[in-house]
Structures are given as structure tokens and as C-alpha cells.
1. Among the listed residues I227, I245, which satisfies the condition of being of a type in the set (A, V, I, L, M, F, W, C), open to solvent by less than 60 Å² (accessible area, probe 1.4 Å), free of Cβ contacts under 8 Å to residues at least 60 places away in the same chain and within 15 Å of the ligand (Cβ to nearest atom)?
2. Mind telling me which of the residues L58, L23, L17, L8 ends up being more than 23 Å from V129 (Cα to Cα) and within 16 Å of the ligand (Cβ to nearest atom)?
3. Filter the range 142-177 down to residues that are open to solvent by 40 Å² or more (accessible area, probe 1.4 Å) and at pLDDT 95 or above, then give me how many there are.
4. Could you grab me the full set of residues in the range 107-128 that are on the phi < 0 side of the Ramachandran plot and either of a type in the set (S, T, Y) or at pLDDT below 95 (or both)?
5. T180 versus (1) more than 30 Å from A18 (Cβ to Cβ); (2) surrounded by fewer than 17 Cβ atoms within 10 Å (Cβ to Cβ); (3) within 11 Å of the ligand (Cβ to nearest atom); (4) within 18 Å of the chain's Cα centre (by Cα): which is the lone unmet condition?
6. Restricted to the range 53-93, and to residues that are among the β-branched types (V, I, T) and out of contact with any helix residue (DSSP H, G or I) (no Cβ under 8 Å at 6 or more places or on another chain), which residue is surrounded by the fewest Cβ atoms within 10 Å (Cβ to Cβ)?
7. Scan (1) surrounded by 16 or more Cβ atoms within 10 Å (Cβ to Cβ); (2) in contact (Cβ under 8 Å) with a residue 60 or more places away in the chain; (3) part of a loop (DSSP other than H, G, I, E, B) for the single condition N36 breaks and write down its number.
8. Hey, among L125, L96, which residue is away from the ligand (no atom under 16 Å from the Cβ), buried (at least 16 other Cβ atoms within 10 Å of the Cβ) and touching a residue at least 12 places away in the same chain (Cβ under 8 Å)?
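The values are calculated or read from the model by the stated rules, or taken from the named source; none is laboratory data. Small disclaimer: the values here were computed from a predicted structure and weren't measured. So basically every Cβ, Gly included, is an ideal-geometry build from the backbone, and we count neighbours across all protein chains shown. With ligands, DNA and RNA removed, areas are computed over all heavy atoms of the protein, side chains included. Shrake-Rupley method; radii C 1.70, N 1.55, O 1.52, S 1.80 Å.
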Amino acid sequence: QNIRRLVLGNWKMHGELAANAQLLSAIRSGWNQSSNAAACDVGVCVPFPYLSQAESALHGSDIAWGAQDISRFDKGAYTGEVSGTMLADFGCRYVLVGHSERRSMHAESSDVVADKAKAALAAGLTPVVCIGESLEERESGRFLDVIHAQLAPVLALGSEAVSRMVLAYEPVWAIGTGKTASPEQAQEVHAAIRAALVAVKCPGVRILYGGSVKAANAATLFAQADIDGGLIGGAALVADEFLRIAEAG
Ligand code: G2H
């Protein structure tokens, strides 16, 4: 099947006003001139304080913006949390949920991740649900069990919900390490995720690959049958590199 590609930047905790302005404007004008804009969606997930800046800089362009986390609650006494309604107020389309850095540093369980995905959908946002195994889990050979366990509470939200999500496979051992999964290693996991999606009647949900994607390896990864685009960290901070990845999308 022909699934529309998505290349999404994850700025993580990088950025400052002046540099962001340059980056956003370079991405906007570069993508505006691209012939690939008809085939691939592009977006950037920025730190919360810069959502307003992203909205002003990207409004009216083909580039969407979003956040890197969301509260599972809609409002209330949750100091430091940001709700889906608030993200929607700033024009966000996407929100990352369950990135491995949040799972490991903020103890987010797969149940919490599913709650966050649900909160995003309730606010009209597209959750990008991140899953992936650690190096130890990869080496033990039980990485597909880990992937299925991470997916289970998300798939339990039901087909209608799942059909409005994006999934991202990010092997933890490939994140920011310069070690990318080989296209074959990535495809093996993507095919397993696709089968799980087919089983809940959501075959067209996009499955992004993330983990040290750069312009030099993007095309080979995106050529795999079940890789529908990428979640890009470090390489999303350099306009030219990010645009070249989007060109490969
Ligand atoms: C994985 C990825 C983006 P990087 O975390 O989510 O980052 O491309 O820097 O490995």
C-alpha cells in the first residue's frame, strides 16, 4: 500500500530564540522549493517555550509543528504539566509520547504512554507513539516481545484511536549514538509492528524509524517496505541536513 511519508524533527532540549528563527525560516523556505512536498509531510517538535515561535514562523506553510510531551490530564493541579488543549491552542499537530528518554528518565510506563496518546487524540492532536528496545533487550534476542509489550496498551485503545496515531520505532541503542539500526534490522521490527497494526485493522498507520537518521542513511532506511518516514533528532537541528532527509521521504 502507498502510505504518505512523514519526516518529523525532534529538537529535544535544544534551541534558543535567534537560532530557532534562522532554522525555522531556512526549513520553511527550503521545503517551499522542494518538489517532494507533495509526497511527504514534514514537521518539527520543539520545546514547549518555543511553540509560539514555531507557530508564527511556520503558519501557512506546509510544515507542521508540535511538542515532545503531553500531560495525560486535561487540567488541574498538575504543576509543570502541559495539556493537550494548551498544545492545540498553539496550533500543534503532533505530539511525541513515550520517547525513550521520557520512559527512562521520567519512568513513564507503557500504560502512561497510552494515556498520553489518548489525551492527545482527545485534544485533536496526532500522537507519535515511540517504542523501542534497549541494547540489552536487543542482545538477548527478545526485542520483539518488548515491542509487543510496549504496543499492547496503545493498541487496546481500539482501532478508531489507533488509526489516528503515528508510531515510531526507535531502538534505544541507536539513539544519539551514531549507531543506526541496519535497514534490515529496522525492517524486521517494522514488519512486526505492521502485522500488529493489521491485526487491529489499521494497516495504514505510519511507522517512522528513529535513531541516528541522517541525510546519508535516510534514503536506504525509507526504501524499506514498512518504514514510512523518520523521527529525526540531532540531524533536525541543521536545516540543510533535515531538508535532505525530508527530500528522501
Ligand atoms: C531518537 C532520535 C529522535 P537522534 O531519539 O527522536 O534522535 O536522531 O539524535 O538519534
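1. I227
2. L23
3. 12
4. S109, S110, T126
5. (2)
6. T79
7. Failed condition: (1).
8. L125
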